[in-house]
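Single-structure report; data block below.
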Amino acid sequence: MKDDIWPMVHAERAALIDDLARVAPERWEEPSLCPGWTVHDVVAHMVDVARTTRLGFVVGLAAAGFDFHRQNQRGVARERGASPAETLERLREVASRTSTPPAPLDTRLVEEVVHGEDIRRPLGLTRSYPLEAVARSLRLQARTSASFGGAKELVAGVRLTATDADLSIGEGPEVSGTALSLLLAVSGRPVAPDELAGPGVAALATSGSG
């Protein structure tokens, strides 16, 4: 159901705000799992995305020459405060928003979970995400083309099997792991060697490097 997305999104934003409130300012400059971005940059990106409307996205993309990367970089620069405290306050201000770019609503869950881990893992923070939020994010990534930020091509030819949920996606050599580990892997994030298992792991890694 679409109307159950926003409570989950808002819960994830609130949990991240609580975690970040306990992080020393200097640690915000540590590299995140998102290549080229610090923890501070990812938080600023999450503020920018939370503010984005359908019309605003189209206007911003056009202004960036239809370059998604440039549009994201501009958003980070715009929403990154002079200090971590300022950026965190901006995240608090947008935490209950329900605006969205022109994309499936489940992308809002992908944003919160994947970027949540982009931030938490380098900082040594852990969260037990609601399984439904992670599973829905994984299903969306698996059926969405890479040109739209998904992993459809990456996971073609393997079967993703979650060890903590009744969830199996695709056909081929199996890649098993928790739903969160699978989500991070197909989203291009590094995971520890012991997080994934099965004969399809090598194929998944090869597809990702191509």
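Applying the selection to the stretch 177-205, what residues are assigned to a strand (DSSP E or B) and surrounded by 19 or more Cβ atoms within 10 Å (Cβ to Cβ)? Before the answer, list the steps.
Here is the first cut: in the stretch 177-205, the ones assigned to a strand (DSSP E or B) are 177, 197.
Scanning the stretch 177-205 gives a single hit, 177.
Mind checking which residues of the stretch 159-184 are among the acidic types (Asp, Glu) and touching a strand residue (DSSP E or B) at 6+ places or on another chain (Cβ under 7 Å)? Spell out how you get there, then give the answer.
From the stretch 159-184, those among the acidic types (Asp, Glu) are 164, 166, 171, 174; that's our starting set.
Within the stretch 159-184, 171, 174 qualify.
Any idea which of 16, 55, 33, 61 is surrounded by fewer than 14 Cβ atoms within 10 Å (Cβ to Cβ), among the aliphatic types (A, V, I, L, M) and either modelled with pLDDT of 95 or more or part of a helix (DSSP H, G or I) (or both)?
Values: 16 fails: surrounded by fewer than 14 Cβ atoms within 10 Å (Cβ to Cβ); 33 fails: surrounded by fewer than 14 Cβ atoms within 10 Å (Cβ to Cβ); 61 fails: surrounded by fewer than 14 Cβ atoms within 10 Å (Cβ to Cβ).
Just a single option satisfies the conditions, and that option is 55.
Please specify each residue of the stretch 73-97 satisfying the condition of being within 14 Å of residue 38 (Cβ to Cβ), part of a helix (DSSP H, G or I) and touching a His at 6+ places or on another chain (Cβ under 8 Å).
Passing the criteria: 76, 79, 84, 87.
Looking only at residues that are charged (D, E, K, R) and surrounded by fewer than 17 Cβ atoms within 10 Å (Cβ to Cβ) in the stretch 122-138, which one is farthest from residue 6 (Cα to Cα)? Quick ask: steps written out before the conclusion?
Looking only at the stretch 122-138, we keep the residues that are charged (D, E, K, R), and these are 127, 132, 136.
From what's left, surrounded by fewer than 17 Cβ atoms within 10 Å (Cβ to Cβ): 127, 132.
Working: 127: 19, 132: 13 Å.
Out of the qualifying residues, it is 127.
So if I check each of 153, 117, 112, which one is surrounded by fewer than 19 Cβ atoms within 10 Å (Cβ to Cβ) and in a helix (DSSP H, G or I)?
Numbers: 117 fails: surrounded by fewer than 19 Cβ atoms within 10 Å (Cβ to Cβ); 112 fails: surrounded by fewer than 19 Cβ atoms within 10 Å (Cβ to Cβ).
Selected residue: 153, the only one of 153, 117, 112 that is surrounded by fewer than 19 Cβ atoms within 10 Å (Cβ to Cβ) and in a helix (DSSP H, G or I).
Please verify whether residue 146 is on the phi < 0 side of the Ramachandran plot, assigned by TED's automatic domain parsing to the domain that holds residue 184 and without any contact (Cβ under 8 Å) to a residue 24 or more places away in the chain, treating the condition exactly as stated. Even if it seems obvious, please write down each step before you answer.
On the way: on the phi < 0 side of the Ramachandran plot: yes; assigned by TED's automatic domain parsing to the domain that holds residue 184: yes; without any contact (Cβ under 8 Å) to a residue 24 or more places away in the chain: yes.
So residue 146 fits the description; yes.
Checking residue 82 against (1) in the same structural domain as residue 190 (by TED's automatic domain parsing); (2) surrounded by fewer than 21 Cβ atoms within 10 Å (Cβ to Cβ); (3) hydrophobic (A, V, I, L, M, F, W, C): exactly one of these is not met. Which one?
With (1) in the same structural domain as residue 190 (by TED's automatic domain parsing); (2) surrounded by fewer than 21 Cβ atoms within 10 Å (Cβ to Cβ); (3) hydrophobic (A, V, I, L, M, F, W, C) applied to residue 82, the lone miss is (1).
I'm trying to understand the selection: among the residues of the stretch 179-197, which are out of contact with any Leu (no Cβ under 9 Å at 6 or more places or on another chain) and either charged (D, E, K, R) or at pLDDT 95 or above (or both)?
Result: 194, 197.
The values are calculated or read from the model by the stated rules, or taken from the named source; none is laboratory data. Everything quoted here is computed from the prediction, not taken from an experiment. Note: ideal-geometry Cβ built from the backbone for every residue, glycine included; neighbour counts use all protein chains shown.
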